[in-house]
Structures are given as structure tokens and as C-alpha cells.
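Data block below; observations after.
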Amino acid sequence: MRVIAGTYRSRILKSLKGLALRPTSDRLRETLFNVLAPSLVGSRFVDLFAGTGAIGIEALSRGAAEVVFIENHAPAVTLIRRNLESLGITTGATVLAVDALRGLGLLAARKNSGAPAFDHIFLDPPYAAAEDYSRVLESLGFADIMAPGGIVVAEHRRNFDLPEEPGALKRFRVLRQGDAALSFYRRRSEVGVETGAEDNSAE
């Protein structure tokens, strides 16, 4: 697994053996960052269920000012820190070894203390943990951590349709590629009629 583009382009990232983690494919990562590219440089990014850290590291490589990695699987937390260390990333990256909802709570507390809000939030729970999608998406809609116009992106199985309007969020785009898909959300008040839900294929 390699960083696709940016400062750390082609640098190798470590992963865990076996099925403990399911890294986002290179093609899907490239699709994701092609969509986010116009607003990525200087942005603040959250990588939920971070796994290997590949998504957050890709964001840093492409110019994000800050990435918070949230992961509660101890071997994966160690892996993220090793990947950051191997690339020489010492600033702009924070690793929180907690579950997703606890991590969002910590970020909300940080925001209440005056820290900047986040522009992009990516979540990729284990595909089997369907309940995690609903709980986290609903929490994100009401958590005070998103900047105006902030985007939430959820990776999921192609044949697993996420809710259109979880909590205060509204889905405005879906990209399908192979067996996976990306659903894009904004706060409902920020999604205009003209950007209503689209069903696009990235294949």
C-alpha cells in the first residue's frame, strides 16, 4: 500500500496481516481525493475508524493542515503511529486511541475551547458493523465540530444503502466503484435543492 499523490507520493505504508483491517483500495482513495481536492489544501480532516491511517496520511500528503486519526484497535493505533513516523510526520497529526463516538466527543470539547472546526470527516467502519454507520452519522450531524460547508464521507459496501438523512445530515452524492461506495453528506441546511442526491458511478 502506497501514498498515491502529494508530498509523500509513492511512499510505502505498513498494514496488518490477515483480515484485521480492510484498507480502502487505491482506486477508491484516488476517487475520494479527486472529489475533495478543491477544498483540501489547508483544511482540517478527521479519519474515523482510521485503520492503517492511509486516508488521513493521504490527506496530509495532499496539503491538509491537520488530521486527527481516531481508532480504538490497539494494533492499528500502533500501526498508524509507525506509518507517521516512517514518513517523518511530526506535526499536524493527532492519534486518538478511542472509539469513534468518544473521539467525536473529545473533538467537540476541543472545539468548545476555541479550536478550529473540521472541513472533512471520513468514516470507514467495519462493513459488518452496520449500526456504527447510523450512530456515527447521526452524532456527526449534531456534534459542533464541522466547519460551514464541511463534508462527511462514508465508505460502505456497494449494496448497503446508507440513510439519506441521518440526524442533521443529508446525503448529496454517491459514488460507486467495484464492491464499494462513497456517500457524501453535508448538514441538511447546507444542501441546496440543486445539489440533491445524485447516484454516480466512478467505474
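Taking 7 Å steps out from each Cα toward its Cβ at A108 and R9 produces label points 4.1 nm apart. Stokes-Einstein, applied to the Kirkwood radius of the chain over Cα pairs at a viscosity of 0.890 mPa s and 25 °C, places its translational diffusion at 146 µm² s⁻¹.
Within a Cβ distance under 15 Å of V3, other residues only, what is the Lys/Arg minus Asp/Glu net charge? Here the charged neighbours net out to +3.
From the square roots a ≥ b ≥ c of the eigenvalues of the alpha-carbon gyration tensor of the stretch 1-120, which class results: rounded (a/c under 1.5), prolate (a/b over b/c), or oblate? Because a/c hits 1.5 or more and a/b fails to exceed b/c, the stretch 1-120 counts as oblate.
In the chain, helical runs assigned H by DSSP with n ≥ 4 each contribute -39500 (n - 2.57); averaged across all residues and rounded to the nearest 500, the mean residue ellipticity at 222 nm is -9000 deg cm²/dmol. Protection proxy ranking of 183-189, 98-104, 73-79, 11-17, by the mean of other Cβ atoms within 10 Å over each peptide's residues and highest first, is 183-189, 98-104, 73-79, 11-17. Taking the Cα centre of the chain as origin and assigning +1 to Lys and Arg Cβ atoms and -1 to Asp and Glu Cβ atoms, the resulting dipole is close to 600 debye.
Going by the alpha-carbon gyration tensor, a ≥ b ≥ c the square roots of its eigenvalues, is the stretch 75-131 rounded (a/c under 1.5) or, if a/c is not under 1.5, prolate (a/b greater than b/c) versus oblate?
oblate
Model label points for T78 and E165, set 7 angstrom from Cα along the Cα-to-Cβ axis, are 4.7 nm apart.
How far, in nm, would the chain grow between A147 and T91 when pulled straight, counting 0.36 nm per residue and subtracting the alpha carbon separation?
Taking A147 through T91 to full extension adds about 18.0 nm, to one decimal.
Bear in mind that the values in this text are calculations on the coordinates, not laboratory data. Everything quoted here is computed from the prediction, not taken from an experiment. Here Cβ is always computed from backbone atoms with ideal geometry, including for glycine, and neighbour counts include all displayed protein chains.
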